[in-house]
Amino acid sequence: MPGRTVRALLVAVVCASVASCSNRNTSGESATLRRITIESGYDGYPAVAGDGQAIVFSSDRTGAFELYVTRTDQSRDVRAITSDRGQNVEADWSPDGAWIAYHSRARGGVWIVGASGGAPRKVRDTGSQPAWSPRGDRLAFTDAAPGEVADATVVWTIRTDGTDARPLTAIGSPPRSPPQLAWSHPTKSARGFFESAPSR
């Protein structure tokens, strides 16, 4: 696609963070950044598998955001996981690495697909930012799609089969939407799993 800006994914071999990553780890060793995607278009929304060997990301290289999986080594092995033009973003790995949850901007809601591809399955008609529980039996998600007002966001959990949806927060409480959902230790209450941006 001539003239398109190339936005590549970089892997920090020594350290990684959702928001940012220092070029040194806690031992003071320098991190090494390595480019792992080379296609034209935008590559973003990366999520690293639990074993650190693979990354799922979204790319618009075909004209719509689809999910792709690549390895963190130098193999350049990239596999398309979805191909439904669903504008699929915000992917998250299941703890066992067998499944990927994500949000479809085009079709709405929270979906699950096998880590090797296959037919996606809808978990919830509405929602975004899915995050797997440590046991892999539930997903946390927000019920507001990206771009909606923060005060309208409610955090829920749901079984991966789409049953037993439970709200954990109410509209306006906390006053701002969580920047990213993350579960606490599996032995702790699920009510403490998310972080909220500080009020200003």
#### Entry: Criterion violated by residue 147 - all others in (1) in a loop (DSSP other than H, G, I, E, B); (2) at pLDDT 85 or above; (3) on the phi > 0 side of the Ramachandran plot satisfied
(2)
### Task
Inspect the range 69-86 for any residue being of a type in the set (Lys, Arg), surrounded by 15 or more Cβ atoms within 10 Å (Cβ to Cβ) and closer than 22 Å to residue 159 by Cα and give the result as yes or no.
no
### Message
Just the residues that are among the charged types (D, E, K, R) and at pLDDT below 80, please, taken from the range 150-169.
### Response
151
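Given the options 136, 118, name the one that is in contact (Cβ under 8 Å) with a residue 40 or more places away in the chain, surrounded by fewer than 20 Cβ atoms within 10 Å (Cβ to Cβ), more than 13 Å from the chain's Cα centre (by Cα) and not in a strand (DSSP E or B).
On the way: 118 fails: in contact (Cβ under 8 Å) with a residue 40 or more places away in the chain.
Being in contact (Cβ under 8 Å) with a residue 40 or more places away in the chain, surrounded by fewer than 20 Cβ atoms within 10 Å (Cβ to Cβ), more than 13 Å from the chain's Cα centre (by Cα) and not in a strand (DSSP E or B) holds for just one of 136, 118, which is 136.
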### Entirely in the range 1-115, the strands (runs of 3 or more DSSP E) that have 2 or more residues that are small (Gly, Ala, Ser) and at pLDDT 90 or above
41-48, 54-59, 99-104
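Considering only the range 125-144, how many residues are basic (Lys, Arg) and modelled with pLDDT of 95 or more? Quick ask: steps written out before the conclusion?
Looking only at the range 125-144, we keep the residues that are basic (Lys, Arg), and these are 135, 138.
Narrowing the set further to residues that are modelled with pLDDT of 95 or more leaves 138.
Adding up the residues that qualify gives 1.
The values are calculated or read from the model by the stated rules, or taken from the named source; none is laboratory data. This is a predicted model, so every value here is computed, not measured. Counting neighbours? That spans all protein chains shown, and the Cβs are built from the backbone with ideal geometry, glycine included.
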